[in-house]
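Below: the structure, in structure tokens.
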Amino acid sequence: MFFLAHCPIKSIEYQQFCFYFVYQYKYMHMKITDLIVLMAIVSVSCSSSGQEEDKTAKNNTMYKVEKSENDWKNELNPDEYKILRQCGTEAPGTGKYYNFFEKGTYLCAACGFELFDSKTKYSSGSGWPSFYDIISDSNVVLIEDTSLGMVRTEVRCANCGGHLGHVFPDGPKPTNLRYCINSIALKFEVEENKKQ
């Protein structure tokens, strides 16, 4: 990923956007000309804005776990707070669960709510832990995200509203979905510990 390492725009969100389109080109056979044009458009729009928008998690959904932002800041470490409460993104390929394939359950790092079963985790090559399904439809909330000049679907914990990542329609069967999730937003519970 020479382009990402030498990218003049250092925001993680822009690098995630570029990484996604490189992924689309490599695995989804996107035309290279389309890839270059899209990356150029985003590069110009990001560099001309000069400021990052406030991406603090806000919507009208009511969650079972309601805390003030000061409480979240005291409870979460700075990286967890940036991802879970401010809708941040970890750098691709850096998360502890990216190449992790133990048997068990993935929980929300903020509240411990069950989100993903390890049986649905797969290697997508995207740079983030990927799952093709969730434990239950009621365990996550899906929200339209129009940041970075594109429309995506954000994934949040249904219990506390913590930002987890995004879901894309390019996953494997049977769902054809790829839940692209930040490792920092997850905690892992080993299968044998769960039985006790």
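Checking each residue in the stretch 146-166 for being hydrophobic (A, V, I, L, M, F, W, C) and under 11 Å from the mean Cα position of the chain (by Cα) picks out Val155, Leu164. Check whether at least one residue in the stretch 133-147 is farther than 30 Å from Asn74 by Cβ, at pLDDT 95 or above and in contact with a helix residue (DSSP H, G or I) (Cβ under 8 Å, 6 or more places away or on another chain), and report yes or no. Among the residues of the stretch 133-147, at least one is farther than 30 Å from Asn74 by Cβ, at pLDDT 95 or above and in contact with a helix residue (DSSP H, G or I) (Cβ under 8 Å, 6 or more places away or on another chain), which makes the answer yes. Of the residues screened, Ser123 is one that is surrounded by fewer than 20 Cβ atoms within 10 Å (Cβ to Cβ) and either in contact with a Pro (Cβ under 8 Å, 6 or more places away or on another chain) or in contact (Cβ under 8 Å) with a residue 24 or more places away in the chain (or both). Among the residues of the stretch 154-172, the ones that are in contact (Cβ under 8 Å) with a residue 12 or more places away in the chain and exposed (fewer than 15 other Cβ atoms within 10 Å of the Cβ) come to 1 in all. Cys180 falls short of the stated requirement of being among the hydrophobic types (A, V, I, L, M, F, W, C) and out of contact with any Gly (no Cβ under 6 Å at 6 or more places or on another chain).
The values are calculated or read from the model by the stated rules, or taken from the named source; none is laboratory data. None of these values were measured; they are calculated from a predicted model. For neighbour counting, all protein chains shown are included, and Cβ atoms are generated from backbone atoms with ideal geometry for every residue, glycine included.
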